[in-house]
1. Given the conditions (1) in contact with a helix residue (DSSP H, G or I) (Cβ under 6 Å, 6 or more places away or on another chain); (2) open to solvent by 30 Å² or more (accessible area, probe 1.4 Å); (3) not in a helix (DSSP H, G or I), and given that residue 25 satisfies all but one, which numbered condition is not satisfied?
2. Quickly run through region 195-228 and pick out the residues that are open to solvent by 20 Å² or more (accessible area, probe 1.4 Å), more than 14 Å from the ligand (Cβ to nearest atom) and farther than 17 Å from residue 267 by Cα.
3. With region 217-280 as the region, which helices (runs of 4 or more DSSP H) entirely inside it contain at least 1 residues that are in contact with a strand residue (DSSP E or B) (Cβ under 6 Å, 6 or more places away or on another chain)?
4. Could you grab the pairs with beta carbons closer than 7 Å, sequence gap of 6+ or different chains, first residue in region 214-242 and charged (D, E, K, R), second one part of a loop (DSSP other than H, G, I, E, B) and within 16 Å of the ligand (Cβ to nearest atom)?
5. Take residue 231 and decide whether it is open to solvent by less than 50 Å² (accessible area, probe 1.4 Å), within 16 Å of the ligand (Cβ to nearest atom), among the aromatic types (Phe, Trp, Tyr) and more than 18 Å from residue 317 (Cβ to Cβ).
6. Since residue 188 meets every condition but one in (1) at pLDDT below 95; (2) within 16 Å of the ligand (Cβ to nearest atom), which condition does it not meet?
7. For region 152-170, does any single residue satisfy the condition of being among the hydroxyl-bearing types (Ser, Thr, Tyr), open to solvent by 10 Å² or more (accessible area, probe 1.4 Å), assigned by TED's automatic domain parsing to the domain that holds residue 203 and touching a residue at least 40 places away in the same chain (Cβ under 8 Å)?
8. Would you confirm whether any residue within region 138-148 is without any contact (Cβ under 8 Å) to a residue 12 or more places away in the chain, open to solvent by 30 Å² or more (accessible area, probe 1.4 Å) and assigned to a helix (DSSP H, G or I)?
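The values are calculated or read from the model by the stated rules, or taken from the named source; none is laboratory data. None of the values given here were measured: they were computed from a predicted structure. Here the Cβ positions follow ideal geometry from the backbone for every residue, glycine too, while neighbour counts run over all protein chains shown. These area figures cover heavy atoms from the full protein model, side chains too; ligands, DNA and RNA do not enter into them. Shrake-Rupley method; radii C 1.70, N 1.55, O 1.52, S 1.80 Å.
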Amino acid sequence: MIDLRSVNKEELESMVVELGFPKFRADQVMKWIFKGKNSFRDMTNVPDSLKLSLEKIAYIEHLELVRMQVSEIDGTKKALFRLSDGNMIESVFMKYKFGNTICVSSQAGCRMGCVFCASGKLGLARNLTPGEMISQILDMENATGEKINHIVMMGTGEPFDNYENMAKFIRLANAKDGLGIGMRNITVSTCGIVPRIKDFAEEFNQVNLAISLHAFDNDARSSIMPINKKYPLEELVRACKDYNRLTGRRITFEYTLIKDVNDDIKAAKKLVSLLKGVHCHINLIPLNRVVESGLDTISRDRAKEFADSIESMGIPATVRRELGSDIDGACGQLRLSKNIN
Ligand code: SF4
(Lines give C-alpha, C1' and ligand atoms only; values in the text may rest on other atoms or scores of the structure.)
Protein backbone atom coordinates (compact mmCIF):
# COMPACT_ATOMS: atom_id res chain seq x y z
CA MET A 1 0.00 0.00 0.00
CA ILE A 2 1.23 3.48 -0.88
CA ASP A 3 1.07 6.35 1.60
CA LEU A 4 -0.29 9.38 -0.28
CA ARG A 5 1.39 11.80 2.15
CA SER A 6 4.70 10.39 0.89
CA VAL A 7 4.10 10.89 -2.85
CA ASN A 8 4.79 13.95 -4.95
CA LYS A 9 2.59 15.44 -7.64
CA GLU A 10 4.24 13.55 -10.53
CA GLU A 11 3.95 10.23 -8.72
CA LEU A 12 0.31 10.87 -7.89
CA GLU A 13 -0.43 11.85 -11.50
CA SER A 14 1.08 8.57 -12.75
CA MET A 15 -1.03 6.62 -10.26
CA VAL A 16 -4.22 8.41 -11.28
CA VAL A 17 -3.52 7.95 -15.01
CA GLU A 18 -2.69 4.26 -14.49
CA LEU A 19 -6.05 3.86 -12.76
CA GLY A 20 -7.68 5.26 -15.93
CA PHE A 21 -8.51 8.80 -14.76
CA PRO A 22 -7.42 12.15 -16.20
CA LYS A 23 -4.27 13.76 -14.77
CA PHE A 24 -6.05 16.79 -13.29
CA ARG A 25 -7.72 14.52 -10.73
CA ALA A 26 -4.30 14.20 -9.05
CA ASP A 27 -4.39 17.97 -8.37
CA GLN A 28 -7.68 17.61 -6.56
CA VAL A 29 -6.52 14.65 -4.47
CA MET A 30 -3.22 16.38 -3.64
CA LYS A 31 -5.04 19.50 -2.41
CA TRP A 32 -7.12 17.46 0.03
CA ILE A 33 -4.10 15.58 1.30
CA PHE A 34 -2.12 18.73 2.04
CA LYS A 35 -5.16 20.36 3.62
CA GLY A 36 -4.66 17.69 6.27
CA LYS A 37 -7.56 15.41 5.31
CA ASN A 38 -6.88 11.78 5.98
CA SER A 39 -10.01 10.16 4.64
CA PHE A 40 -10.98 9.69 1.00
CA ARG A 41 -14.55 10.46 2.09
CA ASP A 42 -13.62 14.11 2.68
CA MET A 43 -12.58 14.60 -0.97
CA THR A 44 -15.91 16.00 -2.09
CA ASN A 45 -14.91 16.96 -5.65
CA VAL A 46 -13.24 13.61 -6.44
CA PRO A 47 -15.40 10.97 -8.19
CA ASP A 48 -16.35 7.97 -6.05
CA SER A 49 -14.93 5.62 -8.67
CA LEU A 50 -11.45 7.16 -8.26
CA LYS A 51 -11.72 7.12 -4.47
CA LEU A 52 -12.60 3.41 -4.58
CA SER A 53 -9.70 2.63 -6.91
CA LEU A 54 -7.26 4.62 -4.76
CA GLU A 55 -8.45 2.94 -1.57
CA LYS A 56 -7.41 -0.43 -3.02
CA ILE A 57 -3.77 0.61 -3.50
CA ALA A 58 -3.17 3.54 -1.17
CA TYR A 59 -3.86 5.05 2.22
CA ILE A 60 -3.35 8.45 3.82
CA GLU A 61 -0.89 8.38 6.72
CA HIS A 62 -1.91 10.11 9.90
CA LEU A 63 -0.57 10.04 13.42
CA GLU A 64 -2.56 9.28 16.52
CA LEU A 65 -2.24 12.11 19.02
CA VAL A 66 -1.65 10.41 22.37
CA ARG A 67 -0.93 13.50 24.46
CA MET A 68 -0.47 17.22 24.00
CA GLN A 69 1.45 19.11 26.68
CA VAL A 70 1.18 22.89 26.70
CA SER A 71 3.75 25.11 28.37
CA GLU A 72 2.23 27.49 30.89
CA ILE A 73 5.22 29.78 30.41
CA ASP A 74 5.13 30.43 26.67
CA GLY A 75 2.43 28.27 25.05
CA THR A 76 4.90 25.86 23.42
CA LYS A 77 3.09 22.62 22.63
CA LYS A 78 4.63 19.17 22.63
CA ALA A 79 2.74 16.40 20.91
CA LEU A 80 3.29 12.72 21.56
CA PHE A 81 2.23 10.83 18.43
CA ARG A 82 1.77 7.09 17.96
CA LEU A 83 2.87 5.73 14.56
CA SER A 84 0.86 2.99 12.86
CA ASP A 85 3.33 0.30 14.07
CA GLY A 86 3.11 1.48 17.69
CA ASN A 87 6.39 3.44 17.80
CA MET A 88 6.07 6.82 19.47
CA ILE A 89 7.53 10.15 18.37
CA GLU A 90 7.39 13.71 19.64
CA SER A 91 7.00 16.98 17.75
CA VAL A 92 7.17 20.44 19.27
CA PHE A 93 5.21 23.53 18.17
CA MET A 94 6.79 26.88 19.04
CA LYS A 95 5.68 30.45 18.47
CA TYR A 96 8.37 32.92 17.47
CA LYS A 97 8.05 36.53 16.30
CA PHE A 98 8.89 35.40 12.76
CA GLY A 99 6.23 32.68 12.67
CA ASN A 100 5.02 29.32 13.86
CA THR A 101 7.72 26.67 13.94
CA ILE A 102 7.61 22.92 14.29
CA CYS A 103 10.47 20.77 15.48
CA VAL A 104 10.15 17.54 13.50
CA SER A 105 11.53 14.10 14.37
CA SER A 106 13.20 12.22 11.51
CA GLN A 107 13.58 8.82 13.16
CA ALA A 108 11.98 6.81 15.94
CA GLY A 109 14.95 6.72 18.31
CA CYS A 110 18.48 7.42 17.10
CA ARG A 111 21.69 5.43 16.80
CA MET A 112 24.15 8.31 17.15
CA GLY A 113 24.47 7.88 20.92
CA CYS A 114 25.24 11.49 21.97
CA VAL A 115 25.62 11.27 25.74
CA PHE A 116 23.73 14.48 26.51
CA CYS A 117 20.66 13.36 24.56
CA ALA A 118 18.03 11.10 26.02
CA SER A 119 16.25 10.58 22.68
CA GLY A 120 18.97 8.27 21.48
CA LYS A 121 19.56 6.37 24.71
CA LEU A 122 17.55 3.39 23.53
CA GLY A 123 19.00 3.26 20.02
CA LEU A 124 17.25 3.45 16.67
CA ALA A 125 13.84 1.84 16.26
CA ARG A 126 13.45 2.84 12.60
CA ASN A 127 13.56 5.61 10.02
CA LEU A 128 10.46 7.73 9.53
CA THR A 129 8.94 7.92 6.05
CA PRO A 130 8.48 11.28 4.28
CA GLY A 131 4.74 10.92 4.94
CA GLU A 132 5.31 10.47 8.68
CA MET A 133 7.36 13.68 8.74
CA ILE A 134 4.72 15.54 6.69
CA SER A 135 2.09 14.12 9.06
CA GLN A 136 3.80 15.69 12.07
CA ILE A 137 3.10 19.07 10.46
CA LEU A 138 -0.42 18.37 9.19
CA ASP A 139 -1.50 16.61 12.38
CA MET A 140 0.07 19.33 14.55
CA GLU A 141 -1.87 21.92 12.51
CA ASN A 142 -5.03 19.87 12.96
CA ALA A 143 -4.44 19.60 16.72
CA THR A 144 -3.52 23.24 17.34
CA GLY A 145 -5.61 25.01 14.69
CA GLU A 146 -2.45 26.99 13.82
CA LYS A 147 -0.72 27.22 10.45
CA ILE A 148 2.95 26.24 10.49
CA ASN A 149 5.42 28.10 8.29
CA HIS A 150 8.85 27.18 9.63
CA ILE A 151 10.42 23.75 10.12
CA VAL A 152 13.43 22.73 12.16
CA MET A 153 14.61 19.15 11.91
CA MET A 154 15.98 18.93 15.42
CA GLY A 155 13.66 16.42 17.00
CA THR A 156 14.52 12.80 17.64
CA GLY A 157 16.81 11.23 15.05
CA GLU A 158 19.69 12.23 12.83
CA PRO A 159 18.19 13.55 9.56
CA PHE A 160 21.33 12.70 7.52
CA ASP A 161 21.07 9.08 8.75
CA ASN A 162 17.71 8.98 6.93
CA TYR A 163 18.84 11.17 4.05
CA GLU A 164 16.60 10.06 1.17
CA ASN A 165 13.41 10.26 3.22
CA MET A 166 14.49 13.62 4.65
CA ALA A 167 15.18 14.90 1.14
CA LYS A 168 11.76 13.85 -0.12
CA PHE A 169 10.11 15.35 2.96
CA ILE A 170 11.81 18.71 2.34
CA ARG A 171 10.71 18.71 -1.30
CA LEU A 172 7.11 17.88 -0.33
CA ALA A 173 7.14 20.53 2.40
CA ASN A 174 8.45 23.10 -0.07
CA ALA A 175 6.38 22.17 -3.16
CA LYS A 176 3.67 24.63 -4.20
CA ASP A 177 1.23 21.74 -4.38
CA GLY A 178 2.60 20.37 -1.09
CA LEU A 179 2.87 22.53 2.03
CA GLY A 180 4.42 25.53 0.24
CA ILE A 181 6.93 26.26 3.01
CA GLY A 182 9.93 28.28 1.72
CA MET A 183 13.29 26.49 1.61
CA ARG A 184 14.78 29.32 3.65
CA ASN A 185 12.23 28.61 6.37
CA ILE A 186 13.56 25.08 6.79
CA THR A 187 16.56 24.16 8.97
CA VAL A 188 18.20 20.77 9.13
CA SER A 189 20.40 19.92 12.09
CA THR A 190 23.05 17.21 11.90
CA CYS A 191 25.52 15.78 14.38
CA GLY A 192 28.12 15.87 11.60
CA ILE A 193 27.80 13.10 9.03
CA VAL A 194 30.43 14.63 6.80
CA PRO A 195 29.73 13.09 3.36
CA ARG A 196 26.08 14.10 3.62
CA ILE A 197 26.99 17.76 4.24
CA LYS A 198 28.32 17.93 0.68
CA ASP A 199 25.25 16.13 -0.75
CA PHE A 200 23.05 18.54 1.15
CA ALA A 201 24.95 21.62 -0.07
CA GLU A 202 24.55 20.47 -3.66
CA GLU A 203 20.91 19.47 -3.36
CA PHE A 204 19.47 22.01 -0.92
CA ASN A 205 21.49 25.18 -1.15
CA GLN A 206 18.61 27.32 0.13
CA VAL A 207 17.89 25.24 3.25
CA ASN A 208 19.58 26.28 6.51
CA LEU A 209 22.16 23.96 7.99
CA ALA A 210 22.80 23.62 11.71
CA ILE A 211 25.54 21.43 13.14
CA SER A 212 25.62 20.08 16.68
CA LEU A 213 29.18 20.81 17.67
CA HIS A 214 29.29 20.91 21.47
CA ALA A 215 33.08 20.62 21.85
CA PHE A 216 36.24 22.23 20.52
CA ASP A 217 38.64 19.29 20.36
CA ASN A 218 38.45 15.70 19.23
CA ASP A 219 38.91 14.11 22.64
CA ALA A 220 36.14 16.15 24.23
CA ARG A 221 33.82 15.79 21.25
CA SER A 222 34.38 12.04 20.86
CA SER A 223 33.60 11.57 24.54
CA ILE A 224 30.14 13.10 24.19
CA MET A 225 29.39 12.48 20.48
CA PRO A 226 30.57 9.09 19.15
CA ILE A 227 30.10 10.27 15.52
CA ASN A 228 33.26 12.33 16.02
CA LYS A 229 35.34 9.14 16.05
CA LYS A 230 34.23 8.49 12.48
CA TYR A 231 34.30 12.11 11.26
CA PRO A 232 36.73 14.10 13.41
CA LEU A 233 36.68 17.87 13.69
CA GLU A 234 39.28 18.53 10.95
CA GLU A 235 37.04 16.73 8.44
CA LEU A 236 33.93 18.41 9.76
CA VAL A 237 35.44 21.89 9.56
CA ARG A 238 36.70 21.19 6.03
CA ALA A 239 33.20 20.09 5.00
CA CYS A 240 31.77 23.27 6.54
CA LYS A 241 34.14 25.45 4.50
CA ASP A 242 33.14 23.53 1.37
CA TYR A 243 29.50 24.09 2.32
CA ASN A 244 30.11 27.86 2.66
CA ARG A 245 31.81 27.89 -0.74
CA LEU A 246 29.14 25.86 -2.50
CA THR A 247 26.11 27.64 -1.05
CA GLY A 248 27.35 31.06 0.05
CA ARG A 249 25.37 30.41 3.23
CA ARG A 250 26.23 30.72 6.89
CA ILE A 251 26.17 27.66 9.14
CA THR A 252 24.73 27.65 12.64
CA PHE A 253 26.73 25.67 15.17
CA GLU A 254 24.81 24.38 18.14
CA TYR A 255 26.98 24.33 21.23
CA THR A 256 25.43 22.91 24.38
CA LEU A 257 27.05 24.42 27.43
CA ILE A 258 27.73 21.74 29.99
CA LYS A 259 28.94 22.77 33.41
CA ASP A 260 32.66 22.13 33.89
CA VAL A 261 32.94 20.34 30.54
CA ASN A 262 33.00 23.06 27.87
CA ASP A 263 31.96 26.34 29.45
CA ASP A 264 35.09 28.31 30.43
CA ILE A 265 37.08 31.05 28.68
CA LYS A 266 39.71 28.58 27.48
CA ALA A 267 36.90 26.66 25.78
CA ALA A 268 35.63 29.86 24.16
CA LYS A 269 39.09 30.63 22.73
CA LYS A 270 39.55 27.11 21.41
CA LEU A 271 36.10 27.14 19.87
CA VAL A 272 36.82 30.37 18.00
CA SER A 273 40.18 29.05 16.84
CA LEU A 274 38.57 25.82 15.59
CA LEU A 275 35.99 27.71 13.54
CA LYS A 276 38.42 30.24 12.06
CA GLY A 277 37.56 30.73 8.40
CA VAL A 278 34.07 29.19 8.64
CA HIS A 279 31.20 31.57 7.88
CA CYS A 280 29.04 30.79 10.90
CA HIS A 281 27.01 31.74 13.89
CA ILE A 282 27.09 29.96 17.25
CA ASN A 283 23.89 29.12 19.06
CA LEU A 284 24.57 28.40 22.71
CA ILE A 285 22.24 26.02 24.49
CA PRO A 286 22.40 25.71 28.27
CA LEU A 287 22.04 21.94 28.80
CA ASN A 288 18.60 20.65 29.61
CA ARG A 289 19.68 18.44 32.47
CA VAL A 290 19.44 14.73 31.80
CA VAL A 291 19.59 13.25 35.26
CA GLU A 292 20.89 9.86 34.21
CA SER A 293 23.85 11.27 32.26
CA GLY A 294 25.40 12.90 35.33
CA LEU A 295 25.90 16.12 33.32
CA ASP A 296 24.79 19.46 34.65
CA THR A 297 23.44 22.69 33.20
CA ILE A 298 24.80 26.24 33.68
CA SER A 299 23.01 29.49 34.47
CA ARG A 300 21.76 31.77 31.73
CA ASP A 301 24.07 34.55 32.96
CA ARG A 302 27.09 32.30 32.61
CA ALA A 303 25.91 31.36 29.10
CA LYS A 304 25.59 35.05 28.21
CA GLU A 305 29.16 35.66 29.40
CA PHE A 306 30.33 32.80 27.20
CA ALA A 307 28.44 34.32 24.22
CA ASP A 308 30.05 37.73 24.85
CA SER A 309 33.55 36.24 24.84
CA ILE A 310 32.86 34.45 21.56
CA GLU A 311 31.49 37.63 19.99
CA SER A 312 34.45 39.67 21.17
CA MET A 313 36.65 37.21 19.28
CA GLY A 314 34.72 37.73 16.05
CA ILE A 315 32.02 35.05 15.79
CA PRO A 316 28.38 36.05 16.29
CA ALA A 317 26.84 34.08 19.14
CA THR A 318 23.46 33.96 20.85
CA VAL A 319 22.02 32.05 23.78
CA ARG A 320 19.02 30.05 22.63
CA ARG A 321 15.75 31.23 24.07
CA GLU A 322 14.44 28.35 26.05
CA LEU A 323 10.91 27.51 24.99
CA GLY A 324 8.70 25.00 26.74
CA SER A 325 11.13 24.51 29.64
CA ASP A 326 8.31 23.31 31.87
CA ILE A 327 7.36 20.54 29.42
CA ASP A 328 10.88 19.46 28.41
CA GLY A 329 10.26 21.03 25.03
CA ALA A 330 13.91 21.34 23.98
CA CYS A 331 14.51 19.72 20.64
CA GLY A 332 16.85 16.76 20.55
CA GLN A 333 17.25 16.66 24.28
CA LEU A 334 14.14 14.90 25.41
CA ARG A 335 14.64 13.62 28.88
CA LEU A 336 15.06 9.91 29.45
CA SER A 337 12.58 9.99 32.30
CA LYS A 338 9.97 11.08 29.76
CA ASN A 339 11.21 8.80 27.01
CA ILE A 340 8.37 6.99 25.42
CA ASN A 341 9.97 4.38 23.18
S1 SF4 B 1 21.42 14.68 19.71
FE2 SF4 B 1 20.46 14.14 17.77
S3 SF4 B 1 22.00 12.84 16.72
FE4 SF4 B 1 22.60 12.90 18.90
S5 SF4 B 1 21.61 11.07 19.80
FE6 SF4 B 1 20.20 12.83 20.09
S7 SF4 B 1 18.79 12.72 18.35
FE8 SF4 B 1 20.61 11.47 17.83
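1. Every listed condition holds for residue 25 apart from (3).
2. 195, 198, 199, 202, 203, 205, 206, 208
3. Correct list: 233-247.
4. Cβ pairs passing all conditions: 221/214; 221/215.
5. yes
6. The one condition residue 188 does not meet is (1).
7. Yes, the conditions are met somewhere in region 152-170.
8. No, region 138-148 contains no residue that is without any contact (Cβ under 8 Å) to a residue 12 or more places away in the chain, open to solvent by 30 Å² or more (accessible area, probe 1.4 Å) and assigned to a helix (DSSP H, G or I).
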